[in-house]
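For reference, the structure discussed in these notes is given below.
Read-outs throughout are calculated quantities, based only on the coordinates presented, and are distinct from any laboratory measurement. Everything numeric here is computed off the predicted structure, so don't read it as measured data. Positions of Cβ are backbone-derived with ideal geometry, glycine not excepted, and every protein chain shown enters the neighbour counts.
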Amino acid sequence: MNAPWLSLLFPMYRVEPWLGACLASLLPQLEDGIELVFVDDASPDGSAALVQARLPQARLIRQPVNRGVSAARNRLLDEARGDYLWFIDPDDVVEPGAIARLKAVLAAHRPDLVSCDFRVFDDGPSTASTKPRHRHIASFDGPAGVLMTDVDQRLRGFFVHGQFHPWSKIVRRACWPATLRFPEGRVFEDMAVYPRLLLHTPRHVHQGEVWIAYRQRGGSLLSQLDERRLDDWTAALDGLAAELPPLSADTRFEIAHFCARTLLRAKRRRLQLGGSALAGLSTDAERFARSSPLSREALLAAYVRRGRWLRGLQWWRSG
């Protein structure tokens, strides 16, 4: 049998209340050559039964014990057979026509990576958010609808917005390194993987269109940050600086600026928590040094050169 042209990959745990809407958004868009793979991460609800009832053609893989979203995504990577991989969270919604638009982009350009934009809608009884900032969120800063092959353009464009969600990126399976896996037992697992994956996807097309509706459920992850999550956050990009190829000054600045924002936000949260959380401040600073392609001093100088005076002052005071 020919390999599917697309694998839609779903890590699934406690999503029964929202799964129906996700499946309903997909059903009208499915065609031959698309495989659907679900990993049921020992979910105690009826999610698996709902998949079997609505999508009998889907492959459903059951984990005997709950191991977390990273383990589920890694299992999906191992099981996928399609030429392209698209991770979708089963509590989100795929916008009408998204798969047809993806197929057209692949036929026109044969890229290694396709990125899309997304919107946010609020969970609860009012699901259609009226907040303008939620209607279209860009995941990439750069041209849309054209093939790009410059690693500087690719890295800079993604780090400007810092949107490293799996569901806004469709990746050629052959480009995914066998050694690059989601870190199990950690949050911010996507931030640990996708900046590194970008180094292996030289042909990139960005579609400045909303293909995914992201469901915002409850409080944000940042508001729930405890010591363990803070450690996961600052560890996500640890060592990235040594993995980067030679890059332009602008690209190195955007990566360093992203790392600095992460460090500052983590520091503020540690100061809010106090107590034992403060012990992580020195570790966070060491991780910044291994993540950022610019030193603290070089980044401060870059802020000054760019006229980013307030950001530079904030960075200087943080030292």
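Table for the structure above
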item: Within segment 270-300, backbone nitrogen closer than 16 Å to the virtual label 7 Å beyond the Cα of Glu227 toward Cβ; result: 270-284
item: Prolate/oblate/rounded label for segment 17-135 (Cα gyration tensor, a/c 1.5); result: oblate
item: Proximal charge balance of Pro166 [Cβ under 10 Å; K/R count +1, D/E count -1]; result: -1
item: Gyration tensor verdict on segment 222-318 (Cα atoms; rounded if a/c is under 1.5, prolate if a/b is larger than b/c, oblate otherwise); result: oblate
item: Which of Phe158, Phe258 has the fewest Cβ neighbours within 10 Å, and the rest in rising order; result: Phe258, Phe158
item: Relative contact order of the chain, pairs being alpha-carbon contacts under 8 Å that are 6 or more residues apart, as %; result: 17
item: Cβ charges +1 (Lys, Arg) and -1 (Asp, Glu), total dipole of segment 6-216, debye; result: 320
item: Computed over segment 222-318: relative contact order in percent, which uses C-alpha pairs under 8 Å that are six or more apart; result: 37
item: Antiparallel bridges, percent of DSSP beta bridges restricted to segment 1-144 (to nearest 5); result: 5
item: Net lengthening on full extension, Leu247/Leu147 (0.36 nm per residue, minus Cα-Cα); result: 34.0 nm
item: Efficiency of FRET between Thr179 and Arg81 - r from beta-carbon atoms, R0 25 angstrom, step 0.05; result: 0.80
item: Qualifying trypsin sites (Lys or Arg not before Pro) for segment 179-287 [loop in DSSP, other Cβ within 10 Å: at most 16]; result: Arg203, Arg217
item: Rounded to 5, percent antiparallel among DSSP beta bridges of the chain; result: 30
